[in-house]
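Participant: I have a structure I would like to understand better, so I am pasting it below and will then ask my questions one at a time.
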Amino acid sequence: MILYHNKNCSKSRECLSILSKEKVNFKVRDYMKENLTLNEIKHLIENLKSDLKEVIRDKKLFNTTDIIDKVELSYHLYEFPKNMQRPIFFNGKNYFICRPPEIVKKLL
């Protein structure tokens, strides 16, 4: 299991705290420090169980009203990693946007 984490995000820090308190065995991926590869982003998008439109933080930077091309979305997140919603939790099979952070408890 992996938490895609941004230490500057309060929701991401809350999710990290929940997982730690639950004593879950997981890895932390600080994607702002160590950028995700384009293939990792494509895998995330293909296996995202949350609404695809929610993966973008700033809708002004990328119009999500008509997301048709997942490749275009992948390239956007690769170029602008700060615009990826967080936290995102990977349970080994699927990715979930944990907003609010308590959602992660249901995924364990």
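Participant: HN-Hα J couplings of the range 87-104 from phi, Karplus 6.51/-1.76/1.60, θ = phi - 60°, integer Hz, Gly and Pro as x?
Facilitator: Along the range 87-104, the couplings run x, 10, 10, 10, 8, x, 10, 10, 10, 9, 7, 9, 10, x, x, 4, 4, 4 Hz.
Participant: Pull up all non-local amide H partners of residue 95: gap of 5 or more, or a different chain, and H-to-H distance under 5 Å with H placed in the peptide plane.
Facilitator: 48, 49
Participant: Let me ask something additional. Can you tell me the relative contact order of the chain? Whole percent, Cα pairs under 8 Å, sequence separation 6 or more. Walk me through the intermediate numbers first.
Facilitator: Details: 149 pairs, mean separation 42.3, N = 108.
Computed value for the chain: 39 percent relative contact order.
Participant: Would you grab the residues whose amide H sits under 5 Å from the one on residue 56? Only those 5+ places off in sequence or on another chain, please, with H modelled 1.01 Å from N.
Facilitator: 85
Participant: A further question follows. Order of 17-24, 4-11, 84-91 by packing, highest average Cβ count within 10 Å first?
Facilitator: Ranked by mean Cβ neighbours within 10 Å, highest first: 84-91, 4-11, 17-24.
Participant: Now for a separate question. Taking the simple approach of a point 7 Å from Cα along Cα-to-Cβ for both residue 21 and residue 91, what is their distance in nm?
Facilitator: 2.0 nm
Participant: Per residue of the range 71-79, in order, report the coupling 6.51 cos²θ - 1.76 cosθ + 1.60 (Karplus, θ = phi - 60°) as ³J(HN,Hα) in whole Hz, putting x for Gly and Pro.
Facilitator: Coupling constants for the range 71-79: 5, 4, 4, 4, 5, 4, 5, 5, 6 Hz.
Participant: With +1 assigned to the C-beta of every Lys and Arg and -1 to the C-beta of every Asp and Glu, and no other charges, what is the dipole magnitude of the chain about the Cα centre in debye, to the nearest 20?
Facilitator: I would put it at about 500 debye.
Participant: How much length, in nm to one decimal, is gained on full extension between residue 105 and residue 2, taken as 0.36 nm per residue of separation minus their Cα-Cα distance?
Facilitator: So the chain would gain 35.7 nm between residue 105 and residue 2.
Participant: Using only alpha carbons, build the gyration tensor for the chain and give me the equivalent ellipsoid semi-axes, biggest first, whole Å. Intermediate values should be presented prior to the final figure.
Facilitator: Details: eigenvalues 101, 36, 34 Å².
Three semi-axes, in Å: 22, 13, 13.
Each value in this text was obtained by applying a stated rule to the coordinates, not by laboratory testing. Only a predicted model underlies this, so the values are computations on that prediction, with no experimental measurement involved. All Cβ positions, glycine included, derive from the backbone under ideal geometry; neighbour counts span all protein chains shown.
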